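The values are calculated or read from the model by the stated rules, or taken from the named source; none is laboratory data. What you see is a predicted model, and the numbers here were worked out from it, not measured in a lab. Here the Cβ is made from the backbone with ideal geometry for all residues, glycine too, and neighbour counts use every protein chain on show.
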Amino acid sequence: MLQETGVGTARLDGALTDAEGQERRRHRQGQRLMLQETGVGTARLDGALTMDSAGPLARPLTELAARGPLTLDLSGVSDADSAALALLLQARRAAETAGHTLTVTGWPTGLSGLLTLYALDELFPLPAGARA
């Protein structure tokens, strides 16, 4: 059901109005996502890994994955969507092209659920008991 909420704005069955959507995007953009090398062949992602934050990480993460075998820890990821999977697939492709491996650990529950939903758990094996 479409409900008019003001001049030029409406809500469709709980969908965000344009102003609410913009405010939510600004809030998410304020959450910093950090890629840190934590040692030789290890790195960690912290923060929200979503459509709003994944783009700027594509180049540094793929370059890191192409340099050598990499273990990437996602335990610090607070929020994730399908853009996170796209980013990880890109990094995996870069690693394989360079003859290296990418191992991902610390899968957040929501992201491991998406991994299973999209049948990508063969490319990124989840630890036993981590299936969402």
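Numbers below:
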| item | result |
| --- | --- |
| Selected residue [touching a Gly at 6+ places or on another chain (Cβ under 9 Å), of a type in the set (Gly, Ala, Ser) and outside any loop (DSSP other than H, G, I, E, B)] from 91, 95 | 95 |
| Selection count, the range 54-79, where residues are out of contact with any Phe, Trp or Tyr (no Cβ under 9 Å at 6 or more places or on another chain), crowded, with 17+ Cβ neighbours inside 10 Å and of a type outside the set (Ser, Thr, Tyr) | 10 |
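Table: residues versus (1) of a type in the set (Gly, Ala, Ser); (2) at pLDDT 90 or above; (3) surrounded by fewer than 14 Cβ atoms within 10 Å (Cβ to Cβ); (4) closer than 19 Å to residue 46 by Cα.
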| residue | (1), (2), (3), (4) |
| --- | --- |
| 93 | no, yes, no, no |
| 99 | yes, yes, yes, no |
| 102 | no, yes, no, yes |
| 107 | no, yes, no, yes |
| 110 | yes, no, no, yes |
| 118 | no, yes, yes, no |
| 122 | no, no, yes, no |
| 129 | yes, no, yes, no |
